[in-house]
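The block underneath contains the structure these notes are about, expressed in structure tokens.
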Amino acid sequence: SADLWVRGNGAYAAGDFATAADAYNQVADAGFATGDVWYNLGNTHLRLGHLGDAVACFLRARALNPRDQDVRTNLEFARRSAKDALASIEPKPVLRTLFFWHYVLSVAELRTIFIVANTLTWLLLALRLFRRSEVIGWLTVFSIVIAVAAGGSWAMREVLPERSAVVRNVEIDAHAGVSRDSVVRFKLHAGTEVAWLDRSGEWLRVAISSGEQAWVHQDDVITVEP
């Protein structure tokens, strides 16, 4: 994977974006899909004009590196390049403020914080059996709060992941049913993000930011699961 990573970076620097994309994809397929890999692959797809693939890659990169400003900036740039004037599927600002840790920490970070805080809580509880102290008491309360907050967010991200799909093709039809012969409710274009709600065979039920729902074929979109 290290050789493929170096090859991809070299190809990108040389302007051979097709080779770079192939190398980065091989790295991801080999199980080394880090935030940096998805970020570089997203930039490569942008260079190739693959807007849908670029948005999907940046979303995956953000899930792993949620505080990386370069990832967020390039994601916003790719979003602005999409033809459909639809709001992105993002949580409301008040939720981002009240539950900031849920959105600024990755799943791996939340899991680590929960394990550490939970372990510390039990150690402090054990210590209180031998030594009563106001400081130990407050530290115990603090560690419990951290464990509950991190554990709750981790569980929510694992059990109810915010699944989305990004339109891959230049233009696709969103249908009223699971057939290309069914009524077309609206059209979507490359790079547009939709919320992925359900699956029926090869069809996905999706929703756009206005709340309207429809069915799209899985071949027309790229699914993104944190």
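The values are calculated or read from the model by the stated rules, or taken from the named source; none is laboratory data. Note that the coordinates shown come from a computational prediction; the quantities given were computed from them, not determined experimentally. Here Cβ is always computed from backbone atoms with ideal geometry, including for glycine, and neighbour counts include all displayed protein chains. Note: accessible area is taken over every heavy atom of the protein model, side chains too, but ligands, DNA and RNA are not part of it. Shrake-Rupley method; radii C 1.70, N 1.55, O 1.52, S 1.80 Å.
With open to solvent by 50 Å² or more (accessible area, probe 1.4 Å), under 16 Å from the mean Cα position of the chain (by Cα) and more than 25 Å from D219 (Cβ to Cβ) as the only criterion, which of W101, W122 stands out?
Exactly one residue qualifies, and that residue is W101.
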message: Just to be sure I understand, how many residues within segment 18-34 are over 20 Å from T73 (Cβ atoms) and open to solvent by 30 Å² or more (accessible area, probe 1.4 Å)?
response: 10
message: Looking at segment 150-169, I want the residues that are closer than 26 Å to A190 by Cα and have a partner that is part of a helix (DSSP H, G or I) and open to solvent by 50 Å² or more (accessible area, probe 1.4 Å) with Cβ atoms under 9 Å, at least 6 apart or on another chain. Which pairs are those?
response: A165/Q218; R168/D219; N169/D219
Subset tally (residues that are polar (S, T, N, Q), in contact (Cβ under 8 Å) with a residue 24 or more places away in the chain and in a helix (DSSP H, G or I)) for segment 53-77: 1
message: Which pairs turn up if I take residues in segment 90-115 that are among the aliphatic types (A, V, I, L, M) and look for partners that are open to solvent by 70 Å² or more (accessible area, probe 1.4 Å) and in a helix (DSSP H, G or I) with beta carbon separation below 8 Å, at least 6 apart in sequence or on another chain?
response: V107/E158; A108/L64
query: Could we say that V94 is hydrophobic (A, V, I, L, M, F, W, C) and open to solvent by less than 40 Å² (accessible area, probe 1.4 Å) here?
result: no
query: Across segment 134-162, what is the total count of residues that are within 27 Å of the chain's Cα centre (by Cα) and polar (S, T, N, Q)?
result: 1
task: Determine whether segment 163-171 contains at least one residue that is over 19 Å from K83 (Cα atoms), modelled with pLDDT of 90 or more and within 23 Å of the chain's Cα centre (by Cα).
output: no
Residue check for S133: open to solvent by less than 80 Å² (accessible area, probe 1.4 Å), of a type outside the set (A, V, I, L, M, F, W, C) and in contact with a strand residue (DSSP E or B) (Cβ under 9 Å, 6 or more places away or on another chain): no
message: Scan segment 176-183 and tell me whether some residue there is over 27 Å from A33 (Cβ atoms), open to solvent by 20 Å² or more (accessible area, probe 1.4 Å) and in a strand (DSSP E or B).
response: no
query: So which pairs qualify, if the first residue must be in segment 35-52 and farther than 15 Å from D16 by Cα and open to solvent by 20 Å² or more (accessible area, probe 1.4 Å), the second must be in a helix (DSSP H, G or I) and aliphatic (A, V, I, L, M), the Cβ gap must be under 8 Å, and the two must be at least 6 apart or on different chains?
result: D36/A61; W38/A28; W38/A61; W38/L64; Y39/A61; Y39/V71; L51/A78
message: Any residue that is at pLDDT 90 or above, more than 19 Å from E162 (Cα to Cα) and touching a helix residue (DSSP H, G or I) at 6+ places or on another chain (Cβ under 6 Å) - is there at least one of those in segment 51-72?
response: no
statement: Taking segment 184-199 and keeping residues surrounded by fewer than 18 Cβ atoms within 10 Å (Cβ to Cβ), under 16 Å from Q218 (Cβ atoms) and without any contact (Cβ under 8 Å) to a residue 60 or more places away in the chain leaves L197, D198, R199
statement: Within segment 104-156, the count of residues that are at pLDDT 90 or above, more than 23 Å from A63 (Cβ to Cβ) and in contact with a Gly (Cβ under 9 Å, 6 or more places away or on another chain) comes to 2
